[in-house]
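Asks: First the structure, which I've put down as structure tokens, then a few questions once you've had a look.
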Amino acid sequence: MLTPVVDDDGAPFWEYAARSELRVQACAEPGCGELRFPPRPCCPHCHSFDSEWRRMSGRGRIWSYVIPHPPLLPDYAAQAPYNVIVVELAEAPRIRLVGNLVSGPDAALNSVAVERIRIGARVQVVFGTGVGDGGDGPRLPRWVLERP
């Protein structure tokens, strides 16, 4: 299974995810405070290099989704059909994260029936390791329906 490529700017995101916290980079310049994702060294609004990581509620809504046909990578074929969703964060609607809608933190990618996925559905973040990695992989933000 794929694992995230961690760079210097995004490393804190994955460190917080390992602690089951969803945090987003924010400008630390007084008077700005804009949230940004993906993480980057400079604020695109005020051009400050000062940043901090703000904890998010982990709530959002499905903004878009796709069911890959056929699975693009051989390791994913056994879990097809599976979903890839784009989640718009509740407190930061301009920020959208990509993940999977699952029935629980360590559930298989195909654990939610395709027919249950709806744009606009409310979701909550959970953190789990990739199925099949023996629990040794990074904790990934995944999503469960708020009302299953």
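Asks: Size of the dipole of the stretch 1-143 about the Cα centre, Lys and Arg at +1 and Asp and Glu at -1 on the beta carbon, nothing else charged, in debye to 20?
Replies: Details: 15 positive and 16 negative charges, 133 e Å.
In debye, rounded to 20, the stretch 1-143 gives about 640.
Asks: Which residues' amide hydrogens lie under 5 Å from the amide hydrogen of Tyr65, considering only partners 5 or more residues apart or on another chain, with H built in the peptide plane?
Replies: Val86
Asks: Take Arg118 and Arg96, extend 7 Å from each Cα along the Cα→Cβ direction, and tell me the distance between the two endpoints in nm.
Replies: Inter-label distance under the simple model: 2.0 nm.
Asks: To the nearest 0.05, what FRET efficiency results for Arg40 and Ala108 with a Förster distance of 30 Å applied to their C-beta separation? Let's see the in-between values first.
Replies: Values: r = 33 Å, r/R0 = 1.10.
Result of the calculation: an efficiency of 0.35.
Asks: Given contacts defined as C-alpha pairs under 8 Å and at least six residues apart, what's the relative contact order of the stretch 25-125, whole-number percent? Please report the intermediate quantities before stating the final value.
Replies: Values: 171 pairs, mean separation 25.1, N = 101.
Relative contact order of the stretch 25-125: 25 percent.
Asks: Please give the length that would be gained between Arg55 and Met1 if that part of the chain were fully extended, namely 0.36 nm times their separation in residues minus their C-alpha to C-alpha distance (nm, one decimal).
Replies: Working: separation 54, 0.36 × 54 = 19.44 nm, distance 2.75 nm.
Taking 0.36 nm per residue and subtracting the Cα distance, the gain is 16.7 nm.
Asks: Specify whether the C-alpha gyration tensor of the chain places it in the rounded, prolate or oblate class, a ≥ b ≥ c being the square roots of the eigenvalues: rounded for a/c under 1.5, otherwise prolate if a/b is larger than b/c and oblate if not. Show your work: numbers first, answer last.
Replies: Details: a/c = 2.14, a/b = 1.64, b/c = 1.31.
Verdict is prolate for the chain.
Asks: Between Ala11 and Ala78, with labels modelled 7 Å along Cα→Cβ, what's the label distance in nm to one decimal, could you check?
Replies: Going from the Ala11 label point to the Ala78 one covers 3.4 nm.
Asks: Could you state the number of Å between the C-alpha centres of the stretch 57-74 and the stretch 1-38?
Replies: 20
Asks: I would also like to ask the following. ³J(HN,Hα) across the stretch 35-41 via Karplus (A = 6.51, B = -1.76, C = 1.60, θ = phi - 60°), whole Hz, x for Gly/Pro?
Replies: Each residue's phi maps through the Karplus curve to give 7, 8, 7, x, x, 7, x Hz.
Asks: Sort by residue number and name the cysteines in the chain that have no neighbouring cysteine Cβ under 4.7 Å.
Replies: Cys42
Asks: So if we plug the beta-carbon distance of Trp63 and Glu29 into 1/(1 + (r/R0)^6) with R0 = 25 Å, what FRET efficiency do we get, rounded to 0.05?
Replies: Here the calculated transfer efficiency is 0.35.
Asks: Follow-up question, since we're still on this one. If you bin the C-alpha pair distances of the stretch 22-94 every 5 Å from 0, what whole percents do you get?
Replies: Spelled out bin by bin, the stretch 22-94 gives 3, 14, 19, 14, 13, 13, 10, 7, 4, 1 percent.
Asks: Answer rounded, prolate or oblate for the stretch 65-118, using the Cα gyration tensor with square roots of eigenvalues a ≥ b ≥ c: rounded when a/c is under 1.5, else prolate when a/b is larger than b/c, else oblate.
Replies: prolate
Throughout, read-outs are computed from the coordinates displayed, never taken from laboratory work. Computed from a predicted structure; not experimentally measured. So basically every Cβ, Gly included, is an ideal-geometry build from the backbone, and we count neighbours across all protein chains shown.
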